[in-house]
Amino acid sequence: MPEGDAVWRTAQRLQRGLAGRQLTRTDFRVPQHATVDLSGGTVIETVSRGKHLLTRIDAPDGPVTLHTHLKMEGSWRVFRPSERWGKPDHLVRVVLGTTERTAVGFQLGVVELIAREREHDVVGHLGPDLLGADWDEAEAVRRLLADPARPLGEALLDQRNLAGIGTIYRTELCFLTGYDPRTPVGAVTDPLRMVRLARSMLDQNRQQPQICTTGDKRRGRSLWVYGRLHERCLRCGTPIQHAELGEEGRARVAYWCPRCQPPR
Ligand SMILES: [Zn+2]
C-alpha cells in the first residue's frame, strides 16, 4: 500500500500534468458518477492530505473536488496524447483528459466527486499531515497519546493521529526508537522525538520511489526490519520476528527485532 510520501509524489505528478489546464474529456468509471461529464472545466490543483488526494476542478456547474485514495493497488499516471496506457482497460477508474496530457487513475480504492465546500467531510478526521504545510507536532503527540493503552504500532498507523504513515514507516519507526510495536503508546518516553522522526523519514523519502530508512539503498539493505521475514536484524543479527497487529479485520503485519526492541 502506498504511504504518505508516495501519495505526495502522485499529487505532484497530477499537479504538473493538469494544473491550470482545461478538461477536454472526463470519464468516471464508477457507478455513482458514470454519467458525469466535467469537460470544459478547469483543473485548479491537486493536493495530498495524508494518503488522500484532492483534485480541485472548476467545473461548468461550479467548484467540485475529485477525492481519490489509492488504497492497496491504486495509481495515477499521466500520459501524452500518443502514449499507450500500458494497463488493461478494465483497471481504469478515472480519465481526466486535456489537449496536452491525460491523467488516468487505475484501481483506485476511492473515487468520489464532492462539492468543494464538503472536503472537510472526507479529510477532516485526519490527524496532522506529516508532509503538510500545516504540520503540527504538538497536536500529533496529543492525538497519539489519546489512548495510552493502545499498542504503539496501532496508534502510529491510525490516520486520525498522524496522516501519512503506513505499515513500512510504522515498523521502521518502532525499530529506530527501540520499541516493540506492541508496547502501549503511553509507555513511550519521548513521543515528540517519535513524531519528529516520522516526519523526517517521510520528508527524506518524498522525492524517491523506494523507501529507504537505513541510508543504504542496496537491495535487501534499505529497511531495518520491514519485510525481512526469516532474516536477521541488520544491526545485531538476531532473527526478526513478525505478527499481525491491530483490530480484527484491520490487522497489518508488523516486524521487529526482539533484541533491539525489547518488551517494556
Ligand atoms: Zn537487532
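The values are calculated or read from the model by the stated rules, or taken from the named source; none is laboratory data. Remember, predicted model here, so these are calculated numbers, not experimental data. As a convention, Cβ positions derive from the backbone with ideal geometry for all residues, glycine included, and neighbour counts pool all protein chains shown. We work out accessible area using only protein heavy atoms, side chains counted, and drop any ligands, DNA or RNA first. Shrake-Rupley method; radii C 1.70, N 1.55, O 1.52, S 1.80 Å.
Quickly run through the range 83-135 and pick out the residues that are under 19 Å from residue 23 (Cβ atoms) and open to solvent by 30 Å² or more (accessible area, probe 1.4 Å). Scanning the range 83-135 gives 83, 85, 93, 99, 100, 101, 112, 113, 115, 116.
When residue 219 is tested against the conditions (1) away from the ligand (no atom under 15 Å from the Cβ); (2) under 24 Å from residue 72 (Cβ atoms); (3) surrounded by 15 or more Cβ atoms within 10 Å (Cβ to Cβ), the lone failure is (3).
Mind listing just one residue for me: the one in the range 254-264 that is more than 10 Å from the ligand (Cβ to nearest atom) and closer than 18 Å to residue 167 by Cα and, of those, least open to solvent (accessible area, probe 1.4 Å)? Per the stated criteria, the residue is 254.
Selection over the range 156-187 of residues that are closer than 13 Å to residue 198 by Cα and open to solvent by less than 10 Å² (accessible area, probe 1.4 Å) gives a count of 13. The residues of the range 222-253 that are in contact (Cβ under 8 Å) with a residue 40 or more places away in the chain and within 14 Å of the ligand (Cβ to nearest atom), listed by number, are 223, 224, 225, 226. Residue 150 meets the conditions (1) free of Cβ contacts under 8 Å to residues at least 40 places away in the same chain; (2) loosely packed, with under 15 Cβ neighbours inside 10 Å in every case but one. The failed one is (2).
The condition of being modelled with pLDDT under 95, over 22 Å from the mean Cα position of the chain (by Cα), on the phi < 0 side of the Ramachandran plot and not aliphatic (A, V, I, L, M) holds for only one of 206, 228, 264, that being 264.
Would it be correct to say that residue 138 is surrounded by fewer than 19 Cβ atoms within 10 Å (Cβ to Cβ), out of contact with any Gly (no Cβ under 6 Å at 6 or more places or on another chain) and assigned to a loop (DSSP other than H, G, I, E, B)? Taking the combined requirement at face value, the residue does not satisfy it.
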